[in-house]
Amino acid sequence: MNKIRKGDEVVVLAGRSRKQRGVVLARLDADHVLVEGVNVVKKHVRPNPMQGTTGGIVEKTLPIHISNVAIFNPATGKADRVGIKEVDGRKVRVYRSSGEIVGAKA
């Protein structure tokens, strides 16, 4: 079971974007995620008249390793670890600090 999924709000723990918060846009593979507004770089793009694209400088979001992000716990206002617990015969994600279910409306 994936501990961090698309749509989760996460906090970056390490790197140039440390302490920034954002929403997971996509899970690229087992250990990389795209986070909105985090790890954004400027890329110089060459024009390609065959495809009809213009050149210039574009901002692009690059993937970040999943070990460098932690899920954001709105109850505490801090980053938290995620555990897995069986509730009513199905596995759910829970915050390790409080035991509450991730994404449950309070």
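The values are calculated or read from the model by the stated rules, or taken from the named source; none is laboratory data. For clarity, every value in this text was computed on a predicted model and none was experimentally measured. Cβ: placed from backbone, ideal geometry, glycine included. Neighbour counts: every protein chain shown. The accessibility values were calculated without ligands, DNA or RNA, using every heavy atom of the protein model including side chains. Shrake-Rupley method; radii C 1.70, N 1.55, O 1.52, S 1.80 Å.
Might you let me know whether the stretch 73-80 holds any residue that is in contact (Cβ under 8 Å) with a residue 24 or more places away in the chain, under 22 Å from ALA14 (Cβ atoms), touching a strand residue (DSSP E or B) at 6+ places or on another chain (Cβ under 7 Å) and not in a loop (DSSP other than H, G, I, E, B)? So far as the stretch 73-80 goes, yes, one or more of its residues are in contact (Cβ under 8 Å) with a residue 24 or more places away in the chain, under 22 Å from ALA14 (Cβ atoms), touching a strand residue (DSSP E or B) at 6+ places or on another chain (Cβ under 7 Å) and not in a loop (DSSP other than H, G, I, E, B).
One residue stands out in the stretch 43-58 among those that are among the aliphatic types (A, V, I, L, M) and surrounded by fewer than 10 Cβ atoms within 10 Å (Cβ to Cβ): the one that is nearest to GLY83 (Cα to Cα), namely ILE57. Criterion applied to ARG5, ARG27 was being closer than 21 Å to GLY103 by Cα and in a strand (DSSP E or B), and the one residue passing it is ARG27.
Take SER97 and decide whether it is surrounded by 13 or more Cβ atoms within 10 Å (Cβ to Cβ) and more than 16 Å from the chain's Cα centre (by Cα). Yes; evaluated as a whole, the condition is true for this residue. With respect to the stated conditions, SER67 fails to be in a loop (DSSP other than H, G, I, E, B), hydroxyl-bearing (Ser, Thr, Tyr) and in contact (Cβ under 8 Å) with a residue 24 or more places away in the chain. Could we say that HIS32 is of a type outside the set (Val, Ile, Thr) and open to solvent by less than 70 Å² (accessible area, probe 1.4 Å) here? Criteria met by HIS32.
Listed here are the residues, each with its yes/no results for (1) open to solvent by 80 Å² or more (accessible area, probe 1.4 Å); (2) of a type in the set (Ser, Thr, Tyr); (3) on the phi > 0 side of the Ramachandran plot.
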{"position": "LEU13", "(1), (2), (3)": "yes, no, no"}
{"position": "VAL41", "(1), (2), (3)": "no, no, no"}
{"position": "LYS60", "(1), (2), (3)": "yes, no, no"}
{"position": "PHE72", "(1), (2), (3)": "no, no, no"}
{"position": "GLU86", "(1), (2), (3)": "yes, no, no"}
{"position": "GLY103", "(1), (2), (3)": "no, no, yes"}
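Checking GLY55, GLY22 one by one, the residue that is small (Gly, Ala, Ser), modelled with pLDDT under 95 and out of contact with any Ser or Thr (no Cβ under 8 Å at 6 or more places or on another chain) is GLY55 and no other.
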